[in-house]
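Below you'll find the structure, written out as structure tokens, and then a few comments.
We did not get these values from a lab; they are worked out from the coordinates using the rules stated. In this text the structure is predicted, and so the values were computed from the model without any measurement. Positions of Cβ are backbone-derived with ideal geometry, glycine not excepted, and every protein chain shown enters the neighbour counts.
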Amino acid sequence: MSLSVEQSASWNDDGFVVLPGFVSTGQISTLTDRIGELIAAFTLSPGAATTIFSTTEQTHAQDEYFLTSGGTIRPFFEDGAFDTEGNLQVPMDRALNKLGHAMHDLDPIFDGFSRTPELATLATDLGFVDPLLLQSMVIFKPPHIGGEVICHCDHTFLWTEPQTVAGFWFALDDATVDNGCLWVTPGGHHQPARTRFRIDGTGTTTDVIDPVPYEMDGLVPVEVEAGTLIAFSGLLPHWSAPNTSDDSRLAYTLHMIDGTADYLEDNWLQRGPDLPLRGFG
Ligand code: FE2
């Protein structure tokens, strides 16, 4: 077991567990350096330059660029990053919303970081029988331009029957209320998902299961130091505010599902047969 009695209770009762110091300073430097290399290697085509990622409006969801990104490493940008002609308004590292969504399979550095014995043990402790690493992202949340992420649960986007998805959120910077840390609703994972986002024809749709929006009053901030891992249930409502500070709020996230459950064919994230999902092996 890698979790204390208190940490296991937090996972079961609250739907999340906070593990300070899970990532070493050296690992943070390695990832940060690699992120810099990946950014430097991107060249923006005019098409990509006008693809602006918005989690508030979800207009990106109609874009093939997003729907075909499950087996790639691809940049997504914040609203306001470009002018109307597609010119960056700020330096690249201040314009990015995220990289996604197969860092853990396509990049050797992120592969190694995502497949450690410590994380495999944690997955077992959290109840995974056949953990499969489904989705990874580098989330930038840059100062001043990094926008809100609306309150949601990840089961909405990565649906298995039964629900098995869990998120692993690695803080690569200190995360505070000012720079847009995670906010969660403790215990909110005991309720079912209220929406389901899925493929519908060539686009996407959101099925409304319960029209009542999540209670914003129940959210509490989870301020953590760099190196902390926050693991949370796919049913846990979470939200983050815009980054209004001068500090970056870099994070790496990994989403895991259990191979014993059915991953639905109309989930937005689909990977072809040339890139099958893998666990820790
Ligand atoms: Fe999320």
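For this structure, a couple of remarks:
- Model label sites at ASP33 and HIS144, defined 7 Å from Cα along the beta-carbon direction, differ in position by 3.0 nm.
- For LEU182, the amide hydrogen comes within under 5 Å of the amide hydrogens of VAL222, counting only partners 5 or more places away or on other chains and with H modelled in the peptide plane.
- The range 95-145 versus the range 178-204: alpha-carbon centroid distance in Å: 18
- Between THR176 and ASP83, the simple spin-label model (points 7 angstrom out along Cα→Cβ) gives 3.4 nm.
- Length-normalised contact order for the range 5-263 - Cα pairs under 8 Å, 6+ apart - percent: 28
- Stokes-Einstein diffusion for the chain, with the hydrodynamic radius set to the Kirkwood value over Cα pairs and evaluated at 37 °C in a medium of 0.692 mPa s, equals 172 µm²/s.
- Here, the range 196-281 yields an orientationally averaged convex hull projection of 9.3 nm² when only Cα atoms define the hull.
- Using 0.36 nm per residue and subtracting the Cα-Cα separation, the extra length available between ILE109 and ASP93 on full extension is 3.8 nm.
- Computed from backbone phi with θ = phi - 60° and the Karplus coefficients 6.51, -1.76 and 1.60, the 3J(HN,Hα) list for the range 145-153 is 9, x, x, 5, 10, 5, 5, 7, 10 Hz; x is used for glycine and proline.
- Exposure rule at most 12 other beta-carbon atoms within 10 Å, DSSP loop GluC sites (Glu not before Pro): the chain longest free segment: 86-214
- Calculated [θ] (222 nm, deg cm²/dmol) that DSSP helices of n ≥ 4 give over the chain, each run adding -39,500 (n - 2.57): -5500 deg cm²/dmol
- Under the Karplus curve 6.51 cos²θ - 1.76 cosθ + 1.60, θ = phi - 60°, whole-Hz ³J(HN,Hα) for the range 162-179, x wherever Gly or Pro sits: x, 4, 9, 5, 9, x, 10, 10, 9, 6, 9, 10, 4, 10, 10, 4, 5, 9
- Residues whose placed amide H lies under 5 Å from that of ARG278, excluding near-sequence neighbours: LEU133
- Charge tally in the Cβ shell below 13 Å around LEU133, where Lys, Arg are +1 and Asp, Glu are -1, LEU133 excluded: -2
- 3J(HN,Hα) along the range 194-200, derived from phi through the Karplus expression 6.51 cos²θ - 1.76 cosθ + 1.60 where θ = phi - 60°, amounts to 9, 9, 9, 9, 8, 6, 9 Hz, with x in place of Gly and Pro.
- Helical segments meeting 20 Å axial Cα length and Kyte-Doolittle -1.0 threshold in the chain (DSSP H): 25-41
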